[in-house]
Amino acid sequence: MRLTSLIGLATCFTALCFSAQAEVYKSVDKYGNVTYTDDPSSVERYGDKAEKITVPPTNVVPGTKPIDLNARPQNEQENQSEADNVSYNVRIVSPTNEYTVTPGQRDLIIAAATDRPLQGDAEFAYYMDGELLGRAAVNNFSIREILRGEHQIRVDVLNAMDEVLGSSETVTVYVHRASVLSP
């Protein structure tokens, strides 16, 4: 019984090996249509000739190690202390100095620019009238429903220890709002 099982196993193995090396045939019909098949009789029944072709082995590229998206690059870790001490030239691109916010404009967008991209953990800090509005790594910030009056806007670049790495000049904006007079 063992011999029969071994012969059956060998037959299955041989059949699998040969099926992996199947023959491929190519034919071209009278209209120029090219057909590839592993059954030449299916082509020949329409009167076309099937030509056996040799298929080269499939290219196989080994997989690579997945990238850890949470890991910092090694050179960034080494330069972190240096990045904390870099100074930046900061300027407010928008709004311009003495800009007037009209009654129909509800929000004010602050856009800042630096002389180089922020490094390490540096962030922009947005201030209005000396109060911190928010911090972000992006160079723009929206003040929602800005109140009427005169406001002073400044943008700083801070490191993780809240040290100022650069500061913009102050920009003055004037906000006009419609007022309702009671009789």
Any lysines whose Cα falls less than 29 Å from that of residue 49, other than same-chain ones fewer than 8 residues away, would be 26, 30
In whole µm²/s, the translational diffusion coefficient that Stokes-Einstein assigns to the stretch 140-183, given a Kirkwood hydrodynamic radius over C-alpha pairs, 10 °C and 1.306 mPa s, equals 119 µm²/s
Under a 1.4 Å probe, counting only protein heavy atoms, residue 176 has an accessible area in Å², nearest 10, of 100 Å²
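What FRET efficiency would be calculated for the residue pair residue 106, residue 38, taking the C-beta separation as r and a Förster radius of 45 Å, to the nearest 0.05?
Efficiency, from the Cβ-Cβ distance: 0.05.
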Output ordering of 159-172, 131-144, 28-41 (per-residue mean of other Cβ within 10 Å, highest first) is 159-172, 131-144, 28-41
Computed ³J(HN,Hα) along the stretch 97-113: with the Karplus parameters 6.51/-1.76/1.60, θ = phi - 60°, integer Hz and x for glycine or proline, the list is 4, 6, 6, 10, 8, 7, x, x, 8, 7, 10, 10, 9, 9, 10, 10, 9
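The values are calculated or read from the model by the stated rules, or taken from the named source; none is laboratory data. What you see is a predicted model, and the numbers here were worked out from it, not measured in a lab. Please note: Cβ atoms are built from the backbone with ideal geometry, for glycine as well, and neighbour counts cover all protein chains shown. Ligands, DNA and RNA are excluded from the accessible area calculation, which covers all protein heavy atoms including side chains. Shrake-Rupley method; radii C 1.70, N 1.55, O 1.52, S 1.80 Å.
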